[in-house]
Amino acid sequence: MSKISAHLPSSITPFSVISQIARRIRIVPLIILLISSAPAWFLTEAIAPQVVQAYTARVDLAIDRLPEENYETVLTRAEAAARAAAQRSFDQDILVTDVSIIVSVQNYGEIAPVLTLEVSRPQWRSRPDAQNWATYFKTARSLLFFENSSNPVPAASGVSTQK
């Protein structure tokens, strides 16, 4: 037996219309999410900005002893080189907060550090003097085989205490 049924029009909406409405319903939250993310990011940055990345600039300098130059003159040149390097480091990069400079001297093939300069930007701004912030190595004179003179340099024999 076969059953014959008549197709009656119904009030149910066809599937193609429903799928178009569903697509629009899914797109609206996506658009709202994308539009609201930019103001949320700006608000987050305004409340808690990122931390500034500051760092220490490290410089190694080597100078050669000139003919007929004594240890005191070499030490004066080393201080001048350290002062110039510190000023240049602070001028070149605004993120540098501290500078660490080591000055070495070469004397007929022998090389040894004679001073180190460690200073922060506020300290350098208040007093840009290499002698004030330098630490001198006491054994540098003997390591470089400089003649022992009768008038030793007080700055070269001691370590600075001010930092």
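The residues of region 62-85 that are closer than 24 Å to V119 by Cβ, open to solvent by 40 Å² or more (accessible area, probe 1.4 Å) and not in a helix (DSSP H, G or I) amount to a single one, A62.
Selection within region 36-87: residues that are among the hydroxyl-bearing types (S, T, Y) and within 30 Å of V105 (Cα to Cα). The member of this set that is modelled with the lowest pLDDT is Y55. Residue-level check: of (1) at pLDDT below 95; (2) open to solvent by 80 Å² or more (accessible area, probe 1.4 Å); (3) in contact with a helix residue (DSSP H, G or I) (Cβ under 7 Å, 6 or more places away or on another chain), V96 misses just (2).
Would it be correct to say that R88 is assigned to a helix (DSSP H, G or I), over 25 Å from L143 (Cβ atoms), open to solvent by 20 Å² or more (accessible area, probe 1.4 Å) and not β-branched (V, I, T)? Spell out the reasoning first.
Details: assigned to a helix (DSSP H, G or I): yes; over 25 Å from L143 (Cβ atoms): yes; open to solvent by 20 Å² or more (accessible area, probe 1.4 Å): yes; not β-branched (V, I, T): yes.
So R88 passes the test.
In region 88-128, what residues are small (G, A, S) and under 21 Å from D64 (Cα atoms)?
The initial filter retains those residues of region 88-128 that are small (G, A, S), namely 89, 100, 104, 109, 112, 120, 126.
Across region 88-128, the qualifying residues are S100, S104, G109, A112.
For region 119-130, residues that are under 21 Å from V105 (Cβ atoms) and buried (at least 17 other Cβ atoms within 10 Å of the Cβ) total 2. Checking the stated criteria, P29 turns out not to satisfy the condition of being assigned to a helix (DSSP H, G or I), at pLDDT 80 or above and over 17 Å from the mean Cα position of the chain (by Cα). Determine whether region 39-57 contains at least one residue that is in contact (Cβ under 8 Å) with a residue 24 or more places away in the chain, open to solvent by 80 Å² or more (accessible area, probe 1.4 Å) and touching an Asp or Glu at 6+ places or on another chain (Cβ under 9 Å). Looking through region 39-57, at least one residue is in contact (Cβ under 8 Å) with a residue 24 or more places away in the chain, open to solvent by 80 Å² or more (accessible area, probe 1.4 Å) and touching an Asp or Glu at 6+ places or on another chain (Cβ under 9 Å). Scan region 107-118 for residues that are modelled with pLDDT of 95 or more and open to solvent by less than 80 Å² (accessible area, probe 1.4 Å) and the total you get is 6.
The values are calculated or read from the model by the stated rules, or taken from the named source; none is laboratory data. Quick caveat: nothing in here was measured; it's all calculated off a predicted structure. Virtual Cβ from ideal backbone geometry, glycine too; neighbours counted across all protein chains shown. The protein model used for the area step is the full one, side chains on, heavy atoms only, and it has no ligands, DNA or RNA in it. Shrake-Rupley method; radii C 1.70, N 1.55, O 1.52, S 1.80 Å.
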